[in-house]
There are 2 protein chains.
Amino acid sequence: MSIPGRNINPTISVDCVIFGFSTNQLKVLLIERSFTDRSGIESKDYKLPGDFISINEDLDLAASRTLEEMTGLRDIFLCQFAVFGKPDRISNPVDMEWLLETTGLEIQRVVTAAYYSLINIGETNTDFAIKNSASWIDVKQIPKLAFDHADIIEQGLIRLQLSLRSEPIGFEMLPEKFTIRDLQILYEAILDCTLDNRNFRKKILKSSYLVQLDEKQTGVAHKPAHYYRFDRYIYEKHKKESLGFNF
Amino acid sequence: MSIPGRNINPTISVDCVIFGFSTNQLKVLLIERSFTDRSGIESKDYKLPGDFISINEDLDLAASRTLEEMTGLRDIFLCQFAVFGKPDRISNPVDMEWLLETTGLEIQRVVTAAYYSLINIGETNTDFAIKNSASWIDVKQIPKLAFDHADIIEQGLIRLQLSLRSEPIGFEMLPEKFTIRDLQILYEAILDCTLDNRNFRKKILKSSYLVQLDEKQTGVAHKPAHYYRFDRYIYEKHKKESLGFNF
């Protein structure tokens, strides 16, 4: 999806794996790609928001630019997590022809720098999804993807799961006050597993930065649960003093 | 340091930040680079082991190949940690001329995939250091470096420190049995800080995978300390059950 006339570096690209959390599901942002297959039939698949870098364009800036151009999302914190450079990344005839069509160049090898982010879908402007056929797809129901984008998403998810285990990235997906159950649902969605309720509660409550509020749920059929909030100050303070991996 | 006649991709390179631990110091493996400066004076500086990839060469394999060719080190686990792609990475005239001399090409922009590793210097074959002017340099006394290699080392060190806080990577630098003091010295060397003895002891002993042995030091002037060993089985078991960052 390069801009005609733009001076591109056809050997280097960027790709963005944007994870979104909404209604207890982890999703990923994909772009619909239309192409004509070898038998002349109109077909479609999906790809990550991504593009070639321009000559003299910084990689990080190329990632932000591409994401905004293709999805309308801006000011998203993008973390570069890996570079994908297998010599046979572009070996599917559909991908080769699509590159020829969109760039006018015979491209045989592209090394791509991959970035990821986790955002709260509810807080983003929903207009953006209509733009450029971008849509949020459940990570458990990912359709056919272009290039090695399935692999890039898989590696991005592994990196996201690692982050969740080492940093309090999940709290920004929740409202300011939340129940332990809300937190568990978020962990289960990202880690793609079922956690034991009692164990989760016991372990997570050891975290000093999880502060119990006086307030409880109201209007629920079950026993109302306490609300908690995340205290970033306590987290940062303890993080500095921590040697990590204490269990 | 490309091989004459080799079919290189002059836009993509790999660089290896090899950290080594020895006699309580953290070092990094650097290659001496000789060049003639603008005034015709023979000069030298240092660079990371690195090279352009060959056409059709996998990035990870290019990193291993380069490391072996330039230092003799083989079978080292290399972890790709970032890609460096600022448009002005090659702006120093010395670097530009050196590239022209070694490749025969006018190269203006290279994106490099950076890899890191931590090895026990004592366990590597010491012959390798003579090869290709590779040498271990204390990370606190890094000399003038080519390109943006100072930045690459800095980022590599941050990544190494992060790993030390989230994985038991340090134990492979120590003998099978070690004292808590040995472990603290290793942590202090890698984290580049002084840790409070009592706090370190208290925190690290919470780790269930650190197993105290019946054996104590002998022939020491001070009160003999207990030996400990790292139990990988316990570590792996607890890691699976852990949600991480509990403190």
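For region B:125-144, give me each residue that is modelled with pLDDT under 70 and part of a loop (DSSP other than H, G, I, E, B).
Across region B:125-144, the qualifying residue is only B:ASN125.
How many residues, within region A:207-229, are open to solvent by less than 50 Å² (accessible area, probe 1.4 Å) and in contact with a Pro (Cβ under 6 Å, 6 or more places away or on another chain)?
The total comes to 1.
Kindly list, by first and then second residue, each pair from a residue in region B:194-217 that is under 26 Å from B:LYS237 (Cα atoms) and within 13 Å of chain A (Cβ to nearest Cβ) to a residue that is part of a helix (DSSP H, G or I) and of a type in the set (Asp, Glu), limited to pairs with Cβ atoms under 9 Å and residues at least 6 apart or on different chains.
B:ASN199/A:GLU241; B:PHE200/B:GLU188; B:LYS203/A:GLU241; B:TYR209/B:GLU236
Here are some conditions: (1) open to solvent by 40 Å² or more (accessible area, probe 1.4 Å); (2) within 17 Å of A:SER117 (Cβ to Cβ); (3) not aromatic (Phe, Trp, Tyr). A:ASN199 meets all but one. Which one does it not meet?
(2)
Counting only residues that are open to solvent by less than 20 Å² (accessible area, probe 1.4 Å) and more than 14 Å from chain B (Cβ to nearest Cβ), which one in region A:175-184 is nearest to the chain's Cα centre (by Cα)?
That would be A:PHE178.
A quick yes/no check of all residues on (1) within 23 Å of A:ASP58 (Cβ to Cβ); (2) in contact with an Asp or Glu (Cβ under 9 Å, 6 or more places away or on another chain):
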position: A:PHE77; (1), (2): yes, no
position: A:VAL94; (1), (2): no, yes
position: A:TYR115; (1), (2): yes, yes
position: A:ILE121; (1), (2): no, no
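Which residue out of B:TYR187, B:TYR235, B:TYR227 is away from chain A (no Cβ under 14 Å) and either in a helix (DSSP H, G or I) or in contact with a Lys or Arg (Cβ under 9 Å, 6 or more places away or on another chain) (or both)?
B:TYR227
If a residue must be within 12 Å of chain A (Cβ to nearest Cβ), over 18 Å from A:VAL111 (Cα atoms) and charged (D, E, K, R), how many such residues does region B:65-123 contain?
Residues meeting the conditions: 1.
Against the definition (over 26 Å from B:LYS140 (Cα atoms), assigned to a strand (DSSP E or B) and not acidic (Asp, Glu)), how does B:ILE107 come out, yes or no?
Here the answer is no, as B:ILE107 does not meet what is asked.
Considering region B:37-59 alone, what residues qualify as being among the β-branched types (Val, Ile, Thr) and open to solvent by 60 Å² or more (accessible area, probe 1.4 Å)?
Scanning region B:37-59 gives B:ILE41, B:ILE55.
For region B:38-81, give me each residue that is part of a loop (DSSP other than H, G, I, E, B), of a type in the set (Gly, Ala, Ser) and without any contact (Cβ under 8 Å) to a residue 60 or more places away in the chain.
Hits for region B:38-81 are B:SER39, B:GLY40.
Does B:ASP151 satisfy being within 30 Å of B:PRO87 (Cα to Cα), open to solvent by 40 Å² or more (accessible area, probe 1.4 Å) and either part of a loop (DSSP other than H, G, I, E, B) or more than 10 Å from every other protein chain (Cβ to nearest Cβ) (or both)?
When the stated conditions are applied, B:ASP151 passes them.
If you take the residues in region B:1-38 that are closer than 21 Å to B:ILE76 by Cα and of a type in the set (Phe, Trp, Tyr), which one is modelled with the highest pLDDT?
Result: B:PHE19.
The values are calculated or read from the model by the stated rules, or taken from the named source; none is laboratory data. Note that the structure is predicted; figures quoted are calculated from it, not measured. Neighbour counts are summed over all protein chains in view; Cβ atoms, including those assigned to glycine, are modelled from backbone coordinates with ideal geometry. What goes into the accessible areas is simple: the full protein's heavy atoms, side chains included, and nothing from ligands, DNA or RNA. Shrake-Rupley method; radii C 1.70, N 1.55, O 1.52, S 1.80 Å.
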